[in-house]
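Quick notes on the structure that follows.
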Amino acid sequence: MSVIRQQLRALARRLRPAPPPPPPKPMQLWAIGMAAGPNPWQLAPAPTNPVLTREDVTDARAVFVADPFLHFFNGQWHMFFEVMNWHSGRGEIGLATSNDGLAWRYQQIVLAEPFHLSYPYVFAWRGHVYMMPECYQAGGVRLYQAESFPTGWRHVATLLEGPYFADCSPFHHGGRWWMLSEVSAGFACDTLRLYMADELTGPWREHPRSPIVSGDPLTARPAGRVLL
């Protein structure tokens, strides 16, 4: 009988389902906070921080929120930011609004594409509002115009084409358009190139002295609106 029991136990072990794999490590999460102070050199975290988290997103299952850009329009602050959508596995652009810049109310996803979106650089030019989100998975730098601000956006031009343009930051200075972009392959984040154009929609070309940062991941990647 002992031999039969041993055989049955061995058979049961072979038939027993394998234990489930360990759960994946949690992704690094971000939230959005604000800083306040008498001037840009004397800032401290706002008492209401964080002002926006993934829990505030109501129309998508958000992994995190990040990359906020502000635009003041018709007496109200509008915040555009990345929402990492858990279901699609891609970043989408969300919107929140505020009357005072401290208390924010989430509104909705305003731009989603079949590729990843983040870093929604929003700016006004000649009576129109534009957005230049990071969309390197689309193979270029895409410009969107607000047809119905702040929720209706239309792709109006592809300014540059190439495999990797990260955190493109445009600005107008000296009668010409300029754009900073991190372009290193493999997410090295160590090469910053400078592009220029006479008109917003181009044609864009690289500055002859570009790249302006090479081999330095500490300073190469843009991190927000260009201040002149």
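Starting from the exponent 0.38 and prefactor 2.2 Å, build the expected Rg for the stretch 74-139 from its residue count and divide its actual Cα Rg by it.
Relative to the rule-of-thumb radius for its length, the stretch 74-139 sits at 1.19.
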Next item on the list: Note down, for the stretch 109-176, the three equivalent ellipsoid semi-axes (square root of 5 times each alpha carbon gyration tensor eigenvalue), biggest first, whole angstrom.
Entry: 18, 17, 9
Notebook entry, point to check: In whole percent, how big is the carbon plus sulfur part of the accessible area of the chain, probe 1.4 Å, protein atoms only?
Noted result: 55 percent
Check: Under the classification rounded if a/c is under 1.5, otherwise prolate if a/b is larger than b/c and oblate if not, where does the stretch 145-228 fall, given a ≥ b ≥ c as square roots of the Cα gyration tensor eigenvalues?
Finding: prolate
Check: Are there chymotrypsin sites (Phe, Trp or Tyr not before Pro) in the stretch 95-147 that DSSP marks as loop and that have at most 10 other Cβ atoms within 10 Å, and which are they?
Finding: none
Next item on the list: Please determine, in degrees from 0 to 90 and to the nearest 10, the orientation of helix 2-15 with respect to the longest principal axis defined by the Cα atoms of the chain, where the helix direction is its Cα long axis.
Entry: 20 degrees
Next item on the list: In nm, give the distance between the simple-model label positions of ARG154 and LEU227, each being 7 Å from the Cα along the Cα-to-Cβ direction.
Entry: 3.5 nm
Notebook entry, point to check: What is the P(r) of the chain, as percent of Cα-Cα pairs per 10 Å bin from 0?
Noted result: 7, 27, 31, 18, 4, 4, 4, 3, 1, 0
Next item on the list: As a check on your grasp of the helix formula, calculate [θ] at 222 nm for the chain: sum -39500 (n - 2.57) over DSSP H runs of n ≥ 4, divide by the residue count, round to the nearest 500.
Entry: -2000 deg cm²/dmol
Item checked: Among HIS87, HIS116, HIS172, residue whose mean-square fluctuation peaks in a GNM of the chain (springs only between Cα atoms under 10 Å) -> HIS87
Item checked: Gain on full stretching of the segment that runs from HIS207 to LEU70 - 0.36 nm per residue minus C-alpha separation -> 46.5 nm
Margin query: Among CYS135, CYS189, CYS168, which one shows the highest mean-square fluctuation when the chain is modelled as a Gaussian network with alpha-carbon springs under 10 Å?
Written below: CYS189
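The values are calculated or read from the model by the stated rules, or taken from the named source; none is laboratory data. Quantities reported herein were computed from a predicted structural model and do not represent experimental measurements. Note that we place each Cβ from the backbone using ideal geometry, even for glycine, and neighbour counts take in every protein chain shown. Just so you know, the surface numbers come from the protein's heavy atoms only, side chains and all, with ligands and any DNA or RNA stripped out. Shrake-Rupley method; radii C 1.70, N 1.55, O 1.52, S 1.80 Å.
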